[in-house]
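Since the structure comes first, as structure tokens, the remarks are kept for the end.
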Amino acid sequence: LSIRFEKIMNTWYNLSGKMYKIGFNNPVYLSEKKTADRNYALAHFMNETNTNKPIGFPDKTDLNETLELYFQSCSIEINTEILSIVASTLANGGINPYTGEKIFSPKTVRNILSIMQTCGMYDYSGEFAFKIGIPAKSGVAGAIMIVIPNVMGIALWSPRLDDIGNSQRGIEFCKLFGEKFNFHIFDSLS
């Protein structure tokens, strides 16, 4: 588990352009772990077997270790500047624009952006994809990371959250941004 988490932390360090210390918030970790009933339930649901094969996890997956890694990953701390570099790296096909280092393959970036597009904004993801149409990821600290492939990455932070857990002002920015610029995934059709 510690080796896997160290690899994640190193990836974040590389994403930052090797310019910043990546933090870890132990109180957040403990809180995530303490309030994780839904995560435990979903993990066990995904581990359900069908004809003796797990549906959601590879054979011999240790659910507790997997959840532990998830809680640790949720407790990584970065600032908005780092998040903007991460967004720019994703927009640049996985190559960090500051260091020129290839962090992710284009296929990995495609998969990341697909996840961001479909579920990066919590329960608002569908409406966000419909109205704004840009891959984005929200965080419960009030950050939103936006990626416009081959153009730019944007990071913003405003901690007042709406009922869904997204930044209220961040969502308003995204709406105005979407109205002003033609970056919706399907804007090229009109």
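Summary table below
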quantity	calculated
Total charge dipole magnitude, the chain, about the Cα centre, Cβ charges on Lys, Arg, Asp, Glu only, Debye to nearest 20	400
Length released on extending from residue 81 to residue 150, taking residue separation times 0.36 nm less the Cα-Cα span	22.9 nm
Amide H within-cut-off set for residue 161, under 5 Å, with H built and near neighbours excluded	168
Net charge of neighbours whose Cβ lies under 14 Å from the Cβ of residue 162, counting Lys and Arg as +1 and Asp and Glu as -1	-1
Computed E for residue 98/residue 160 - FRET, C-beta separation, R0 25 angstrom, nearest 0.05	0.25
Under 5 Å, built H, 5+ apart or other chain: amide partners of residue 77	23, 24, 25
Accessible area (Å², per residue) of the stretch 95-163, counting only protein heavy atoms and a probe of 1.4 Å	55
Where only alpha carbons of the chain are counted, the Rg and the Dmax (Å)	17.5, 52
Projected label distance in nm at residue 62 and residue 45, using a 7 Å step from Cα toward the beta-carbon	2.6
Spin-label pair residue 176/residue 107, simplified geometry with 7 Å Cα→Cβ offset, distance in nm	4.2
Segment residue 186-residue 119, length gained on full extension (0.36 nm per residue, minus Cα span)	22.3 nm
Calculated from backbone phi, Karplus (6.51, -1.76, 1.60) coupling profile of the stretch 107-121 in Hz, x at Gly/Pro	5, 5, 4, 4, 5, 4, 5, 5, 5, 4, 5, 8, 8, x, 10
In order through the stretch 139-150: 3J(HN,Hα) via Karplus (6.51 cos²θ - 1.76 cosθ + 1.60), integer Hz, x for Gly, Pro	x, 5, 7, x, 8, 9, 10, 10, 10, 10, x, 6
Label-point separation, residue 9 to residue 169 (7 Å along Cα→Cβ), nm	3.2
For the stretch 174-190 and the stretch 46-99, distance of Cα centres in Å	28
Above-threshold pairs, the threshold being 26 Å between Cα atoms, out of 33/175; 7/107; 21/60; 34/137; 33/60	33/175; 21/60
Selected from 176, 146, 92, residue furthest toward positive end of dipole (the chain; charges at beta carbon)	92
Cα Rg, Dmax, the stretch 1-105, angstrom units	16.5, 49
Heavy-atom accessible area ranking, 1.4 Å probe, most first, across 187, 163	163, 187
Assigned charges on the beta-carbon of Lys, Arg, Asp, Glu; the stretch 53-122 dipole about Cα centre (debye)	420
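The values are calculated or read from the model by the stated rules, or taken from the named source; none is laboratory data. Every value quoted in this text rests on a predicted model; they were computed, and no experiment measured them. No Cβ is skipped: glycine too gets one built from the backbone with ideal geometry, and neighbour counts run over all protein chains shown. Ligands, DNA and RNA are stripped out before the accessible areas are found, and what is left, the full protein with its side chains, is counted by its heavy atoms. Shrake-Rupley method; radii C 1.70, N 1.55, O 1.52, S 1.80 Å.
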